[in-house]
Amino acid sequence: MLTVRPITAFDDNYIWLISADSTGDAFVVDPGDPAPVLARLEEEGLNLTGILITHHHFDHVGGIGALREAFAPTVYGPDNPAIDELDVVVRAGDRVDVLGTYFDVLEVPGHTLDHIAYHSADNAQLFCGDTLFAGGCGRVFEGTPGMMHASLQQLATLPADTQVFCAHEYTLANLDFASAVEPDNQALAERITTAKSTRAAGLPTVPSTLALETATNPFMRCEAPELVDAMRRHGKLSGTTGAEVFAAVRGWKDNF
């Protein structure tokens, strides 16, 4: 079994540290800052053998060079020349062996055009970078709203118990917006209470699960009649398709 825990970086990033009980080897996901990673690896006596990259933004790739100098790990990531320190380019349908557990590569463009995610069916784990957040989703910087909606719908087809390891602690702000969209969503109200208690205790709100996201995250609920009705009551929606609903919700969030 793999053990996954967060390494905090910058103001709100999570770099995910993956290790196996039977070895002293480790992977990290999206190491934007090498310093906290190096400190944690030394503290736990771990040998970094691999790095998973989801997209090219600096807060996800900035630490690759220093980590390669210290450990010479194999670096996996999307096909983008902006990431100049990859060893293995991976695309949809590829599989990565992470300490004996296979992760399938999913292409999930929208936030960036090169964005990918890594999913293990065996461990029910998803490393999704800035595509899906706890209670929200990434801004659409390089893709289109329709593209981002399709990527989130692809993630929604994964098993409901899948753990969602996103890259930022944005949960309380995301849930505040979600509550504005669906003020009558009881599951969302319960999640907000739990998330506030969790953060008050100084703990991360992630990972979440896909079941929780589909029940409470407005960007994962664009086909839900309750959310569509709520958006119409707010006067925020004129279209009918899931992609049009997503575009309306994303536009509202961008100016919330």
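Given the criteria assigned to a strand (DSSP E or B) and on the phi < 0 side of the Ramachandran plot, does Phe165 qualify? Criteria met by Phe165. Once the stretch 213-229 is narrowed to residues that are of a type in the set (A, V, I, L, M, F, W, C) and touching a residue at least 60 places away in the same chain (Cβ under 8 Å), the residue that is nearest to Asp254 (Cα to Cα) is Phe219.
Matching residues to (1) assigned to a loop (DSSP other than H, G, I, E, B); (2) among the polar types (S, T, N, Q); (3) in contact (Cβ under 8 Å) with a residue 24 or more places away in the chain:
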| residue | (1), (2), (3) |
| --- | --- |
| Gln153 | no, yes, yes |
| Ala180 | no, no, yes |
| Leu188 | no, no, yes |
| Thr193 | no, yes, no |
| Gly202 | yes, no, no |
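Val206 - would you say it is among the hydrophobic types (A, V, I, L, M, F, W, C) and in contact with a Cys (Cβ under 9 Å, 6 or more places away or on another chain)? When the stated conditions are applied, Val206 passes them. When Leu227 is tested against the conditions (1) more than 18 Å from Ala134 (Cβ to Cβ); (2) aliphatic (A, V, I, L, M); (3) buried (at least 21 other Cβ atoms within 10 Å of the Cβ), the lone failure is (1). Looking across the stretch 204-225, just one residue is in a loop (DSSP other than H, G, I, E, B) and among the small types (Gly, Ala, Ser), and that is Ala224. What residue, among those in the stretch 226-240 that are part of a loop (DSSP other than H, G, I, E, B) and not aliphatic (A, V, I, L, M), is nearest to Pro159 (Cα to Cα)? Result: Thr240. Just the residues that are among the acidic types (Asp, Glu) and over 19 Å from Pro159 (Cβ atoms), please, taken from the stretch 175-225. Within the stretch 175-225, Asp176, Glu182, Asp184, Glu190 meet the criteria.
Candidates Arg91, Arg95: the one that is among the basic types (Lys, Arg) and either closer than 20 Å to Leu2 by Cβ or at pLDDT below 95 (or both) is Arg95.
Across the stretch 25-52, the number of residues qualifying as in contact with a Leu (Cβ under 8 Å, 6 or more places away or on another chain), in contact (Cβ under 8 Å) with a residue 60 or more places away in the chain and either crowded, with 22+ Cβ neighbours inside 10 Å or part of a helix (DSSP H, G or I) (or both) comes to 4. With respect to Gln186, determine if the residue is surrounded by fewer than 18 Cβ atoms within 10 Å (Cβ to Cβ), among the polar types (S, T, N, Q), at pLDDT 95 or above and under 21 Å from Ala124 (Cα atoms). When the stated conditions are applied, Gln186 does not pass them. Checking each residue in the stretch 168-178 for being among the charged types (D, E, K, R) and either in a loop (DSSP other than H, G, I, E, B) or under 15 Å from the mean Cα position of the chain (by Cα) (or both) picks out only Glu169.
The values are calculated or read from the model by the stated rules, or taken from the named source; none is laboratory data. These numbers were taken from a predicted model, which means no experiment stands behind them. For neighbour counting, all protein chains shown are included, and Cβ atoms are generated from backbone atoms with ideal geometry for every residue, glycine included.
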